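Some notes on the structure that comes next.
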Amino acid sequence: MARRRISILGATGSIGQNTIDLIKRDLPAYEVIALTGAGNIAQLAADARVLNAQVAVTADESRLDDLRDALAGSGIAAAAGQAALSEAAARPADWVMSAIVGAAGLAPGIVALQQGATLALANKESLVCAGSLILETARQHNARLLPVDSEHSAIFQALVGEDMAAVERIVITASGGAFRDWPLDDLPNATLAQASSHPNWDMGQRITIDSASMFNKALEVIETREYFGVSPDKIEVLVHPESMIHALVGFHDGALMAHVGPPDMRHAIGYALHWPERRVLPVERLDLAAIGSLTFRAPDMARWPALRLAREVMARGGLAGAVFNAAKETALDGFIAGNLAFTAMAEIVEEVLTQMDASGGHIDASMTLDNVAAADHLARMAARDIIEKRAG
Ligand code: NDP
Ligand code: MG
């Protein structure tokens, strides 16, 4: 049987490494085309050797020589920079994992769809910034888009064989992150180390902090709207501290289908890798009797203003998602660099949205990759400006 050609964009990250873990368990079944990373050259080169990839690409042009050195004698091609990332995504493949973090994942993901590959989408920012563009590109090129975010994989699975017209609501769960039970008054003093530790999931640092602020859930609400095409009033967020139920789909006969599983991304990645089949996966089997109880609560909107902002972004439409995501990424950079308090992130994002809404034009521009990039760029500048003014 022909080997499946696969590429992994963001191979050195948390999702990328979990994907590689699954691939390595059945290496003869795959022909690895491209692996990409950014700063972690040693990991990128090591994985490219083990998987015998055709090409390894770092997003960081200044690291090309390091990558070449690390791959010396392997016969694996080395490349660097944005154009090289897109070139890697354009290499014919059957299945491409989109696991770059942030808006940087959008352009390579589009290129992968344009060559007709099935795109396993972990990079939720793509859908938030340019949902209709992604879906339209997939449609035009007859390429399939499969969700990898655990909630969206759960919804996707709950919808197998169902009629979307019978869907009354979609509930995505949230653990509540690091500060779920903190006194509200303490939140402004939350440190980077505290925000970077997740109670249940082991993920990249940025998404872990976004879980504590609920910006991650805000992105996921928008992702749900874009991927499944449901109206915002049908999407609910439910705090579920144990992270065992990932999402629920409610139908108009009153049934609520829940997807239950351990917090291990290899389930959602493996489902997307083997879809439409279900294959044996190395994830823990839940012993519900031992777990005993699962708990739920309504989200506290005062604690997590990001959830309100997501609603405003969906109501605004146009390129508001790109502005929202770019402002969030910049505010997150500010928090990581120690220039912003934890609670200031949502304030910055709200200010940028208000500013760009008032100055008009960019949010209402048509959804092309160039216009998304322009809105993203302006939102980042506006956010940096506000952060600097606050510091000065
Ligand atoms: P990580 O930070 O762990 O990894 C990010 C990957 O992107 C790394 O390979 C990194 O390279 C690379 N990268 C970083 N910056 C750039 C850039 N500017 N251009 C190109 N590549 C870059 O992130 P995660 O794996 O946690 O998340 C990846 C995506 O998946 C995100 O969109 C996230 O929201 C989503 N996701 C993640 C989940 C998880 O469990 N981690 C769950 C659901 C969704 P390097 O490390 O070499 O610098
Ligand atoms: Mg998720």
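Checking each residue in region 2-43 for being away from ligand 2 (no atom under 16 Å from the Cβ) and either on the phi > 0 side of the Ramachandran plot or among the polar types (S, T, N, Q) (or both) picks out S7, T12, Q17, T36, N40, Q43. In region 159-180, of all residues being in a strand (DSSP E or B) and buried (at least 17 other Cβ atoms within 10 Å of the Cβ), the one that is farthest from ligand 2 (Cβ to nearest atom) corresponds to V167. With respect to the conditions (1) among the small types (G, A, S); (2) surrounded by fewer than 24 Cβ atoms within 10 Å (Cβ to Cβ); (3) away from ligand 2 (no atom under 16 Å from the Cβ); (4) within 25 Å of A315 (Cα to Cα), A130 lacks only one, and its number is (2). Could we say that I222 is within 13 Å of ligand 2 (Cβ to nearest atom), on the phi < 0 side of the Ramachandran plot and touching a helix residue (DSSP H, G or I) at 6+ places or on another chain (Cβ under 9 Å) here? For I222, the condition - within 13 Å of ligand 2 (Cβ to nearest atom), on the phi < 0 side of the Ramachandran plot and touching a helix residue (DSSP H, G or I) at 6+ places or on another chain (Cβ under 9 Å) - is met. Can you confirm whether A383 is surrounded by 22 or more Cβ atoms within 10 Å (Cβ to Cβ) and either of a type in the set (A, V, I, L, M, F, W, C) or farther than 19 Å from A218 by Cβ (or both)? Yes, satisfied. Given the conditions (1) buried (at least 24 other Cβ atoms within 10 Å of the Cβ); (2) within 14 Å of ligand 1 (Cβ to nearest atom), and given that G102 satisfies all but one, which numbered condition is not satisfied? Looking at each condition in turn, G102 falls short on (1).
Of all residues in region 36-52, those that are more than 20 Å from G204 (Cα to Cα) have Cβ atoms under 6 Å from Cβ atoms of residues that are modelled with pLDDT of 95 or more and crowded, with 24+ Cβ neighbours inside 10 Å, 6 or more apart or on another chain, in A48/L35; A48/A56; L51/V32. Does E236 qualify as being modelled with pLDDT of 95 or more, in a strand (DSSP E or B) and either of a type in the set (A, V, I, L, M, F, W, C) or closer than 23 Å to E312 by Cα (or both)? So E236 fits the description; yes. Just checking, does region 58-73 include any residue being more than 23 Å from the chain's Cα centre (by Cα), near ligand 1 (Cβ under 10 Å from one of its atoms) and either closer than 30 Å to A365 by Cβ or surrounded by fewer than 22 Cβ atoms within 10 Å (Cβ to Cβ) (or both)? Yes, region 58-73 has at least one match.
Being in contact (Cβ under 8 Å) with a residue 24 or more places away in the chain and within 12 Å of ligand 2 (Cβ to nearest atom): is that true of P263 here? Judged against the criteria, P263 is a match.
Listed here are the residues, each with its yes/no results for (1) in contact (Cβ under 8 Å) with a residue 40 or more places away in the chain; (2) surrounded by 21 or more Cβ atoms within 10 Å (Cβ to Cβ); (3) within 16 Å of ligand 1 (Cβ to nearest atom).
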site	(1), (2), (3)
A77	no, no, no
A80	no, yes, yes
A89	yes, yes, yes
M97	yes, yes, yes
I110	yes, yes, yes
Q114	no, no, no
A120	yes, yes, yes
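Please tell me if A46 is small (G, A, S), surrounded by fewer than 23 Cβ atoms within 10 Å (Cβ to Cβ), within 16 Å of I23 (Cα to Cα) and away from ligand 2 (no atom under 16 Å from the Cβ). Criteria met by A46. Go through (1) in a helix (DSSP H, G or I); (2) within 13 Å of ligand 1 (Cβ to nearest atom); (3) closer than 30 Å to D26 by Cα one by one and return the number of the condition H246 breaks. Tallying (1) in a helix (DSSP H, G or I); (2) within 13 Å of ligand 1 (Cβ to nearest atom); (3) closer than 30 Å to D26 by Cα, H246 fails exactly one: (1).
Filtering region 198-210 down to residues that are in a helix (DSSP H, G or I) and surrounded by fewer than 24 Cβ atoms within 10 Å (Cβ to Cβ), which residue is farthest from ligand 1 (Cβ to nearest atom)? This residue is T208. Does region 64-120 hold any residues that are of a type in the set (A, V, I, L, M, F, W, C) and under 16 Å from V372 (Cβ atoms), and which are they? Correct list: I100, A103, A104, L106, A107, I110, V111, L113.
For first residues located in region 300-323 and closer than 19 Å to E226 by Cβ and of a type in the set (A, V, I, L, M, F, W, C), partners that are at pLDDT 95 or above and not in a helix (DSSP H, G or I) and lie 6+ apart or on another chain with Cβ distances below 8 Å form the pairs A306/M214; L307/M214; L307/V237; L307/P299; L307/M301; L319/M367.
The values are calculated or read from the model by the stated rules, or taken from the named source; none is laboratory data. All figures in this text were calculated on a predicted structure; none of them were measured in a lab. Note that we place each Cβ from the backbone using ideal geometry, even for glycine, and neighbour counts take in every protein chain shown.
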